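Input: a single structure, listed below in structure tokens.
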Amino acid sequence: MERRWEADPSALFVRRLGKSAQELGNSDERDQCPDIWQLDNGDIAVIGRDLTSAYRSRLPAGVTLATDERLVVIPGNMLSAAKADIPDA
């Protein structure tokens, strides 16, 4: 079955949305670097903690994860800081 949307692995990082983990106090500059980036094709890349296995059995009705998808969690203040960079629909 063909998907309506497919991620393009050749897309490049264009700009960070919001502030870096360091600016928000969410990183000690080692390996704790959640982030949100816009790609050159308009898609968004989210770097966060992979909690797929922790949430898979507790997803709300109507929410599914394909075998090649992961549920990632980022700090709430990171998404709030990105709000100004995300255009209205």
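Each reported figure results from applying straightforward, stated rules to the coordinates on display, with no laboratory input. On a predicted model such as this, the values are computed, not experimentally measured, just so you know. Cβ: placed from backbone, ideal geometry, glycine included. Neighbour counts: every protein chain shown.
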Self-check item: Checking Gly25 against (1) loosely packed, with under 12 Cβ neighbours inside 10 Å; (2) in contact with an Asp or Glu (Cβ under 8 Å, 6 or more places away or on another chain); (3) not charged (D, E, K, R), the condition it does not meet
Solution: (2)
Exercise. Would you tally the residues in region 11-34 being over 18 Å from Val73 (Cβ atoms) and within 14 Å of the chain's Cα centre (by Cα)?
Key: 3
Quiz prompt | Options Ser20, Ser53, Ser10, Ser57; residue that is more than 22 Å from Ala89 (Cβ to Cβ), touching a Cys at 6+ places or on another chain (Cβ under 9 Å) and hydroxyl-bearing (Ser, Thr, Tyr) | solution = Ser20
Quiz item: Can you name the residue in region 40-89 that is among the β-branched types (Val, Ile, Thr) and closer than 27 Å to Ser20 by Cα and is also surrounded by the most Cβ atoms within 10 Å (Cβ to Cβ) among such residues?
Solution: Ile74
